[in-house]
Amino acid sequence: MDDIISCIDIGTTKVCAIVAKLDENGNVEILGRATEPCSGVKKGVIVDIDSVSNALKSCAQKIRALLNIDIENVYVNVMGSHVDVFFNKAAVDILRPDRQITSEDVERTLKKVEDVKLPDNVQIIDVIPRQYIVDGCDEIVDPVGMAGVKLELEADVVVGKITTFNNIIKSLDNANIKVNGFIAEALAVGDLVLSPEEKDIGAILIDVGGGVTNISVFKNKCLALYDSIPVGGDHITNDISIGLKVSLNDAEKLKRDYGLALTSLIDNDHDITINEFSENTKRTIKVSEVVEIIEARVQEIFSLCKERLEQEGILNGFNGGIVLAGGGISYIDGSVQSAKEIFGLPVRIVSYKALEIKNAEHVTAMATVKYVANRIKSEAKGGGTKNNKPGKQKQKKEYGFLKKIASFFHGLF
Ligand SMILES: Nc1ncnc2c1ncn2[C@@H]1O[C@H](COP(=O)(O)OP(=O)(O)OP(=O)(O)O)[C@@H](O)[C@H]1O
Ligand SMILES: [Mg+2]
């Protein structure tokens, strides 16, 4: 039977829903997508539940009109400042005489790895196995059926504040949508846009959205840092609006029409006419006056990211590169050059065309779909299960993160 995967990205500027089908062979087919502008989120935090719920309802209606499908259960991404990812390990002894590792043993290791002391308002939202180790033999993906006396698990544990998730759950609940699970955005986007080599050598993913810039650092195939800073593409628009005394709509249009990150890249500094908002008069300015404002804010965003990375000592001896993503930076020509100048590292920008993603604003929802599909696939394959016969699917998923996380959050409401 095909699985339907629905994912929602509640961003600062828009809500984006993507519905996909995972077929028996593990192929993901995107069935449809819907986007709705939303002003209920500020700097990545829901500040107006009704506004978010209305945008979600509208997305659900668009999907229904498109596919005749009701979005009922969704996976939602959560960004860096809302979650923490830390490494943990656990071990269990295999005491049965045949020493054969079963799915119950795997479940015991998962339970043990989750057994960490957390503050009252913090909840585990995901456990991602890095590897199983059987009697010292490492890099095992599925230990079930193997023989051994000691089973170890090394995993990334993703935690977040319950209060943060409550507003997301409430907004979705008002739109008659239930949460199946929360996905750390960096893990999903990192999987989609970074190559395994980049994740191994070292990659700093800078995802500039509308109100937030997510910084995630991958090294030795693992997430080494995941944080957000509260600035994004909308701050560029605000700066243009204040600096040139134009409305926010006009400022957004100027940004889109003359989106350059460096004044040195202007090849024709021609005149443009703008409407001064307060005076209601027209005025002539040069293209360079717009670009100077964009340049300053783009440099500030990168400098803040650099400061954050320096605080964590990430840039000491770092020999990887920077990857830029997100609607806030992807359309600004010259952003790669600007980032190169600030970081002194190789920089590339995500190619949405190569990833078959319509535009930069869809990348998070698309990444979440692909990430969930991969997790379903790997859990169905084993990840510690007895076998992967289709008939055993239900049993296999029992200790999977998908089911566990869903039951926890369904229990909250
Ligand atoms: N053609 C364009 N030129 C310049 N900027 C653009 C263009 N199209 C979109 N943007 C900018 O992209 C930003 C929105 O990007 P994105 O959809 O990635 O953010 P978000 O997910 O809504 O917000 P966040 O991730 O911060 O919560 C806005 O600031 C918008 O002005
Ligand atoms: Mg976003």
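The values are calculated or read from the model by the stated rules, or taken from the named source; none is laboratory data. The structure presented is a predicted model; accordingly, all values stated were derived computationally and were not measured. Glycine gets a Cβ as well: all are built from the backbone with ideal geometry, and neighbour counts include every protein chain shown. Side chains are part of the model used for accessible areas, which takes the heavy atoms of the whole protein and leaves out ligands, DNA and RNA. Shrake-Rupley method; radii C 1.70, N 1.55, O 1.52, S 1.80 Å.
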- Note on the structure: Residues whose built amide H sits under 5 Å from the amide H of Ala224, excluding neighbours closer than 5 in sequence, are Val217, Phe218, Lys219
- Query: Hey, if we sort Ser58, Ser278 by accessible area with the 1.4 Å probe, largest down, what's the order?
  - Reply: Ser278, Ser58
- Using only Cα atoms, tell me the angle between helix 248-257 and the longest principal axis of the chain; keep it within 0 to 90° and round to the nearest 10. 80 degrees
- Task: With an 8 Å cut-off on Cα pairs and a minimum separation of 6 or more residues, tell me the relative contact order of segment 25-149 in percent.
- Result: 18 percent
- Message: For Ile183, what residues show an amide H to amide H distance below 5 Å, using hydrogens built from the backbone and excluding near sequence neighbours?
- Response: Val76, Asn77, Val78
- Message: Could you tell me the extents of segment 132-173's C-alpha atoms along the three principal axes, largest first, rounded to whole Å?
- Response: 47, 17, 15
- Treating each Cα of segment 57-97 as an identical point scatterer and ignoring solvent, apply the Debye formula and state log10 I(q)/I(0) at q = 0.18, 0.28 Å⁻¹. -0.72, -0.98
- Beta bridge orientation in the chain: antiparallel %, DSSP, nearest 5: 80 percent
- What is the dipole size for segment 284-351, taken about its Cα centre, with +1 at each Lys and Arg Cβ and -1 at each Asp and Glu Cβ, in debye to the nearest 20? 180 debye
- Report, as a whole number in µm² per second, the diffusion coefficient that Stokes-Einstein gives for segment 234-293 at 25 °C and 0.890 mPa s using the Kirkwood radius over alpha carbon pairs. 215 µm²/s
- Checked segment 165-291 against the a/c 1.5 cut and the a/b vs b/c comparison, axes a ≥ b ≥ c from its Cα gyration tensor; verdict oblate
- Taking segment 1-57, how much of its Cα-Cα pair set, in percent, is spaced more than 13 angstrom apart? 60 percent
- How large is the helix-only mean residue ellipticity at 222 nm for the chain, computed as the sum of -39500 (n - 2.57) over DSSP H runs with n ≥ 4, divided by its residue count, in deg cm²/dmol to the nearest 500? -11500 deg cm²/dmol
- Just the Kirkwood number for the chain, please: inverse of mean 1/r across all distinct Cα pairs, in Å, one decimal. 22.8 Å
- So how exposed is Asp173, as accessible area in Å² (1.4 Å probe, rounded to 10)? 60 Å²
- Item | Stokes-Einstein D in µm²/s, Kirkwood radius over Cα pairs - segment 83-159 at 37 °C with 0.692 mPa s viscosity | 256 µm²/s
- Sorting Asn220, Ile63, Leu345 by the position of each Cα along the dipole of the chain (Lys, Arg +1; Asp, Glu -1; all at Cβ), the one nearest the positive end of that ordering is Ile63
- Query: So which of Lys253/Lys286; Lys117/Lys199; Lys306/Lys340 end up more than 18 Å apart by C-alpha?
  - Reply: Lys117/Lys199
